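Taking it in order: structure first as structure tokens, then the write-up.
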Amino acid sequence: MTTRNIAVIGSSGAIGKALTQQLAASFTEASIYTFSRYKATRQQQLPGTQCIHTVIDYDNESSIQAAAATAASNCPLDMVIVATGMLYDDLLMPEKSLNDLSAEKFVRLFAVNSILPAILAKHFIPALNKQGRSLFAALSARVGSISDNALGGWYAYRASKAALNMIIKNAAIETKRRNKAAIVVGLHPGTVDSHLSKPFQANVPEHRLFTPDFSAQKLVQVLTGLTSQSSGKCFAWDGREIAP
Ligand SMILES: NC(=O)c1ccc[n+]([C@@H]2O[C@H](COP(=O)([O-])OP(=O)(O)OC[C@H]3O[C@@H](n4cnc5c(N)ncnc54)[C@H](OP(=O)(O)O)[C@@H]3O)[C@@H](O)[C@H]2O)c1
């Protein structure tokens, strides 16, 4: 089955940008619709007409609905990648202890890491191709695994990614009823050198800190190998399943 139509949401992020470039190189025949809060920078614009960039407002569901309609305007989508996510900002750092928790931090991280991908799934999954294998993948994180949690900390981020994994599982179950060959998964990109990981890289061994390009190359390999049995699960950059 040829991959003809792809959407990448969050295309200005380190991994989103690298994934867009990797997908363009791997699926040279495909149109790639990219969406981000910002206009495409020159660096992001790929040569030719392969990439079509549109600004999206994540806080406005009509904008998300319009984005899905734009991406599927010529033909249904074979692949949708959600590369958005947040760990901290100027006002919010990950919590080390219960004492650091605040309702505001939870609300903010759940809005970006759980609710936004859910609303994207609401509008983009129905636009997936029903004539063959199609794919909806959202960037999650290994720290969203409850069984893998040995260190604690990062309450709101961990919980928001665990919630995302549940949303992915739910969407996979529902999607199977309507679009048998569609695959809905979460992805862990590894620890990747990006704005998101910058303040937390000190204790990461050099060989475990991936470039966005390396991670994107591995993630596209993982996506290529997924089957309908994979739907509802979360996979790491090396293709291994991450237990819930
Ligand atoms: N880097 C790592 O080590 C690592 C490890 C595990 C999981 N991840 C996951 O991988 C994904 C991408 O991370 P990255 O490393 O590429 O980070 P990044 O360079 O900071 O990119 C973050 C992305 O999220 C979007 N974003 C950022 N702040 C947002 C906000 N306040 N509201 C809505 N969207 C926002 C941006 O979308 P726009 O394009 O619209 O600006 C951007 O695409 C995230 O889901 C992250 O949790 C990363």
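The values are calculated or read from the model by the stated rules, or taken from the named source; none is laboratory data. The shown structure was predicted, so the numbers you read here are calculated from the model rather than taken from an experiment. Because the Cβ atoms are built from the backbone with ideal geometry, glycine has one as well, and the counts that use them run over all protein chains shown.
Here residue 224 fits the description: exposed (fewer than 14 other Cβ atoms within 10 Å of the Cβ), of a type in the set (S, T, N, Q), at negative phi and part of a helix (DSSP H, G or I).
Results for (1) surrounded by 16 or more Cβ atoms within 10 Å (Cβ to Cβ); (2) in contact (Cβ under 8 Å) with a residue 12 or more places away in the chain; (3) closer than 25 Å to residue 35 by Cα; (4) among the aromatic types (Phe, Trp, Tyr), shown as yes or no for each residue.
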residue	(1), (2), (3), (4)
86	yes, yes, yes, no
115	yes, no, yes, no
138	yes, yes, yes, no
147	no, yes, no, no
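Which ones in the stretch 94-113 are among the aliphatic types (A, V, I, L, M), over 14 Å from the mean Cα position of the chain (by Cα) and either within 23 Å of residue 168 (Cβ to Cβ) or surrounded by 12 or more Cβ atoms within 10 Å (Cβ to Cβ) (or both)? Matches in the stretch 94-113: 101, 107, 109, 111.
Rundown of residues vs (1) outside any loop (DSSP other than H, G, I, E, B); (2) at pLDDT 95 or above, yes/no style:
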{"site": "11", "(1), (2)": "no, yes"}
{"site": "35", "(1), (2)": "yes, yes"}
{"site": "39", "(1), (2)": "no, no"}
{"site": "47", "(1), (2)": "no, no"}
{"site": "68", "(1), (2)": "yes, yes"}
{"site": "87", "(1), (2)": "no, yes"}
{"site": "94", "(1), (2)": "no, yes"}
{"site": "107", "(1), (2)": "yes, yes"}
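Among residues belonging to the stretch 150-164 that are not in a helix (DSSP H, G or I) and not aliphatic (A, V, I, L, M), point out the one that is surrounded by the most Cβ atoms within 10 Å (Cβ to Cβ). This residue is 154. Checking each residue in the stretch 173-216 for being under 15 Å from the mean Cα position of the chain (by Cα), in a helix (DSSP H, G or I) and either under 24 Å from residue 118 (Cα atoms) or of a type in the set (Val, Ile, Thr) (or both) picks out 215, 216. Of the set (1) touching a residue at least 12 places away in the same chain (Cβ under 8 Å); (2) out of contact with any Asp or Glu (no Cβ under 7 Å at 6 or more places or on another chain), all apply to residue 218 but (2). Contact annotation: residue pairs with Cβ atoms under 6 Å, 6 or more positions apart or on different chains, pairing a residue in the stretch 173-198 that is in contact (Cβ under 8 Å) with a residue 60 or more places away in the chain and closer than 19 Å to residue 238 by Cα with a partner that is among the hydrophobic types (A, V, I, L, M, F, W, C) and away from the ligand (no atom under 16 Å from the Cβ), are 184/171; 184/172. Taking the stretch 168-181 as the range and being surrounded by fewer than 24 Cβ atoms within 10 Å (Cβ to Cβ) and touching a strand residue (DSSP E or B) at 6+ places or on another chain (Cβ under 8 Å) as the test, the residues that pass are 171, 172, 175, 176, 179, 181. A count restricted to the stretch 56-84 and to residues that are aliphatic (A, V, I, L, M), within 10 Å of the ligand (Cβ to nearest atom) and surrounded by fewer than 24 Cβ atoms within 10 Å (Cβ to Cβ) stands at 1. Residues in the stretch 187-212 that are among the hydrophobic types (A, V, I, L, M, F, W, C) and near the ligand (Cβ under 9 Å from one of its atoms) were compared, and the one that is surrounded by the most Cβ atoms within 10 Å (Cβ to Cβ) is 187.
Only one of these conditions is not met by residue 167: (1) over 30 Å from residue 3 (Cβ atoms); (2) in a helix (DSSP H, G or I). Which number is it? It is condition (1) that residue 167 fails. Exactly one residue among 108, 133 is within 11 Å of the ligand (Cβ to nearest atom) and either basic (Lys, Arg) or in contact with a Gly (Cβ under 7 Å, 6 or more places away or on another chain) (or both), and that residue is 108.
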